[in-house]
Amino acid sequence: MATSPVTRAAGRVAVPVLGLFWLAVTTVPFLFMVMTTFKTQQESYASSVWALPEGLNFVNYADVLSGPFLAYLKNSVMVVVISVLLIVLISAMAAYAFARMRFRFNEALFGLIVAGMIVPIHITLVPIYLMTRDMGLYDSPFALVGPYVATSLPISVFILTEFMRQIPKELEEAARLDGCGPFAIFFKIFLPLSGPGLSTVAIYNAIMLWNEFIFAYVLTSSTSTRTLPLAIWDYQGQYSSNIPAILAVVTLTSLPLVVAYAFGQEKIVKGMMAGSVKG
Amino acid sequence: MTSITLSGVNKSFGANFPVISGVDLKIDDGEFCVFLGPSGCGKSTLLRMVAGLETAYSGEIRIGDRVVDKVEPADREVAMVFQNYALYPHMSVYDNMAFGLRQAKTPKDEIDRRVREAARILQIEPLLDRMPKALSGGQRQRVAIGRAIVRQPKVFLFDEPLSNLDAALRVHMRSEIATLHRNFPAASMIYVTHDQTEAMALADKIVLLHAGKDMLKHGSIAQVGKPLDLYHRPRNLFVAGFLGSPTMNFIEASFAGQQADGARVALKSGEEIVVPVDGSTLAAGAAVTLGVRPEHLAPVAASGAALGAQTLTRRVSAVEHFGEYSFVYLDGGTPAPLIAKVAGDGGFKAGDSASFAAPADCCHLFDADGIALSHL
């Protein structure tokens, strides 16, 4: 469709302006958060909200790190790593079956798993709590792994199935002629070729689970078993009047995500777009 | 024994989509057989059934003395070269070629020896450490062939291996595949293409396949034989029209009677042509189709033939010059213009009236069902 020079000129101006506006909307709260962590409690009361800190004061970080923060961090890392590994392995195997194997009810089963995305996790809380308690896992970080894997599988299977459908069928056939069975085809051909899709699933789920609150809140109760989102919750009670300290907790908690996104954003976007356009 | 035998092979995708019908075929030891046909005729499907990548709905496939219908692809001792090469993108050229041997638990030394030998034959030794994405189309095709060679198969299967290459490279790789066939005389080869030039150039035997309604009516196989047999003695109108470029000229006519030197046919434009075929089964006046290839229509002045017998005179509607030869388009008596292929520029121009001799032995006659009448 032809566009007039005026429209094109307006587009050239509007796109960067809107981009800068959106950058401000997303960056300003983040900068405010980091900036405030360098203020003392008195300073935060005495100065204007937007005033710069008097210096680089790390007392809030020292304060937070001297508490049980590292225990929360250890639990978060452990739960997220185990969950993500399981999610990637299980969803990749399921995706391979849905993308490549011809069996009865393939489409129906795929539809059922993807439909799992629309189930609100809150209605599953009570049954999952009861099952966790009956299995003796209540108040253990491992109690979180099962629900995390289960609730993450639908979107992960969906993303990886679309990704694997794009791997040329001839590669699978060449592997069959080379003597590979289904498992060898999966581990030696499909898994290595699905790297970008697997990264997407891993990064996306790591971010979601790193921030997960409600299961952690319901299934754990001790400081030694809780994860970082609950740390913020706990610190909110402990430092109800110390805003710089709370923001130091939030900064430390979000730091791994910022790093992950900085290095992985291309893969996340690519993976999410898989299948949307013909390559 | 590396012969391949297909007996009563049928294949359909669902109840209403037969793609292969009643294929009975024997490919001899060391033979280079080309499956040729239009799009949708099932030639790739037939090849994939030999490879074990598709299962036949009914019938039997043998490789050597062994029935392979229920044998896994890897155990059929076949190697396949795919149209899009199907190289593993995450493996180097060396690993691509070695992959099948590693799967078969071949000793490392033996794998290395075979990969390097294949690389030497195909002149891809400097490429062994490269990844497929760093190769050109022709190099990728060689690696794909190399991957087939290292397995030392009894049967090589090629599924339109040259169709992704440009014209010049296609001609070059075609000669390399012919060389490969000479280097591995014991292995049988099946080669699928829709390009009749490739088929004519490479094949010991061509299997020309029907598509669509013809397949349902007559079965999949239109004709099997040596390339020149199919070209010079087509069994029916489909074969006659498929092989040759430009296609054979078809002229509607009626049977005027049988005489000692052949069947006499009367063209609608008034000429009478004698074709050396047995027309004894035809009734007088029966509708027939006369077929003459463009290169067999010789200008009367150049051929020295007498004007009259076996001569067609038409108005020239257009001339296409190609330097070495020219196509002369002739109007009159047929729905599509007749085409004559003449040497050089031919000296014709649009609007001329020109006479062309149709040598009796180069004429073909087809009955009302399109079946060729046998030559005397």
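Nothing in this text is a laboratory measurement; each read-out follows from the coordinates by a stated rule. It should be emphasised that the depicted structure is a prediction, and the values quoted were computed from it without experimental measurement. Virtual Cβ from ideal backbone geometry, glycine too; neighbours counted across all protein chains shown.
For this structure, a couple of remarks:
- Where the Cα pairs of the protein assembly as shown fall when distances are cut into 20 Å bins, in %: 14, 31, 27, 17, 8, 2, 0
- Using a Förster distance of 25 Å, the FRET efficiency for residue A:71-residue A:214 (Cβ separation, nearest 0.05): 0.75
- Residues A:39, B:43, ranked from the fewest to the most other C-beta atoms within 10 Å, line up as A:39, B:43.
- Order of A:151, B:55 under a 10 Å beta carbon neighbour criterion, fewest first: B:55, A:151
- Region A:1-110: GluC sites (Glu not before Pro) in DSSP coil with no more than 13 other Cβ atoms inside 10 Å: A:54
- Lysines whose Cα lies under 26 Å from that of residue B:26, excluding same-chain neighbours fewer than 8 positions away: B:11, B:43, B:70, B:154, B:205, B:213, B:217, B:226
- Where only C-alpha atoms are counted, convex hull volume of region B:4-242 per residue in Å³: 127 Å³
- FRET efficiency for residue A:114 and residue B:55, using Cβ-Cβ distance with R0 set to 25 Å, rounded to 0.05: 0.25
- Qualifying trypsin sites (Lys or Arg not before Pro) in region A:83-180, DSSP loop, other Cβ atoms within 10 Å at most 16: A:102, A:104
- The stretch between residue A:56 and residue A:242, if pulled fully straight at 0.36 nm per residue, gains 65.2 nm over its current Cα-Cα span.
- Between residue B:197 and residue B:260, the contour length at 0.36 nm per residue exceeds the alpha carbon distance by 19.0 nm.
- Expected 222 nm ellipticity per residue - DSSP helices of 4 or more, -39500 (n - 2.57), all of the protein assembly as shown, to 500: -14000 deg cm²/dmol
- Cβ-based exposure ranking for B:300, A:79, in which fewest neighbours within 10 Å come first: B:300, A:79
- Proximity of backbone amide H atoms, modeled 1.01 Å from N, is registered between residue B:57 and B:10, B:11, B:12 at under 5 Å, excluding neighbours fewer than 5 places apart on the same chain.
- For region B:196-299, applying the loop criterion from DSSP together with a ceiling of 15 other beta carbons within 10 Å to the trypsin sites (Lys or Arg not before Pro) yields B:268.
- As a calculated quantity, the FRET efficiency between residue B:376 and residue B:71 at R0 = 51 Å, using C-beta atoms, amounts to about 0.60.
- For the pair region A:113-192 and region A:226-265, the centres of their Cα atoms are 29 angstrom apart.
- Compared with the direct C-alpha span, the chain from residue B:84 to residue B:245 gains 55.3 nm at full extension, assuming 0.36 nm per residue.
- Across chain A, the longest piece that holds none of the chymotrypsin sites (Phe, Trp or Tyr not before Pro) lying in DSSP loops with up to 12 other C-beta atoms within 10 Å covers A:106-279.
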